[in-house]
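Written below as structure tokens is the structure these notes are about.
The values are calculated or read from the model by the stated rules, or taken from the named source; none is laboratory data. None of these values were measured; they are calculated from a predicted model. Don't worry about glycine lacking a Cβ; one is built from the backbone with ideal geometry, like all the others, and counts go over all protein chains shown.
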């Protein structure tokens with residue numbers, strides 16, 4: 001595992017789930033001072049910038065001044081990312097693996113320990129997400145029907161679509 005990947009995983013852990021593990025506290029919107037993060041993780045600014053710039057999923061965002069950082073989505077700690085409701089495309093996708101399929105098709109998609117269900121804008125991204133845990137299964141989400149039925153969607157800064165839940169009637173296995 002490269003240093004960049006290792007640092008990225010550590011940042012995800014701290015900024016999404018356990019800022020307290022290194023003595024940090026996120027503000028209400030998930031931000032923490034870069035200076036405090038660097039001290040807590042014993043990183044240089046160059047190392048941090050390399051991870052933020054090199055992350056193909058854009059998991060981390062710096063504020064406009066470059067003095068604060070947060071995870072783009074995926075938090076299990078309470079934060080308000082301040083995302084405005086957005087009209088989704090007609091279909092979105094979710095990547096999973098076979099062992100979860102029966103439960104998902106019966107109960108729908110639920111956020112688990114996160115704040116929202118994560119949906120991908122394209123099938124290829126969903127396949128990559130599902131492949132992290134084994135042979136991927138991709139589900140099509142009828143986002144147009146969900147939106148017509150009053151479900152509120154938001155979109156994170158890195159393009160991940162977020163929703164509270166996806167009932168099974170909106171899901172189709174591809």
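Take residue 147 and tell me if it is closer than 23 Å to residue 30 by Cα and in contact (Cβ under 8 Å) with a residue 40 or more places away in the chain. Before you say what the answer is, go through the steps one by one.
Numbers: closer than 23 Å to residue 30 by Cα: no; in contact (Cβ under 8 Å) with a residue 40 or more places away in the chain: yes.
Spelling it out, it is not the case that residue 147 is closer than 23 Å to residue 30 by Cα and in contact (Cβ under 8 Å) with a residue 40 or more places away in the chain.
Looking at 33, 116, 61, which one is in contact with a strand residue (DSSP E or B) (Cβ under 8 Å, 6 or more places away or on another chain), closer than 16 Å to residue 155 by Cβ and not assigned by TED's automatic domain parsing to the domain that holds residue 154? Give the steps one after another, and end with the answer.
On the way: 33 fails: closer than 16 Å to residue 155 by Cβ; 116 fails: not assigned by TED's automatic domain parsing to the domain that holds residue 154.
Matching residue, one of 33, 116, 61: 61.
If you scan the stretch 122-136, which residues turn out to be at pLDDT 95 or above and outside any helix (DSSP H, G or I)?
Result: 122, single match.
Applying the selection to the stretch 83-116, what residues are surrounded by 19 or more Cβ atoms within 10 Å (Cβ to Cβ) and either assigned to a strand (DSSP E or B) or touching a residue at least 60 places away in the same chain (Cβ under 8 Å) (or both)?
Matches in the stretch 83-116: 88, 92, 93, 94, 95, 96, 109.
Looking only at the stretch 152-172, count every residue that is part of a loop (DSSP other than H, G, I, E, B), modelled with pLDDT of 95 or more and buried (at least 18 other Cβ atoms within 10 Å of the Cβ) and tell me the total.
1
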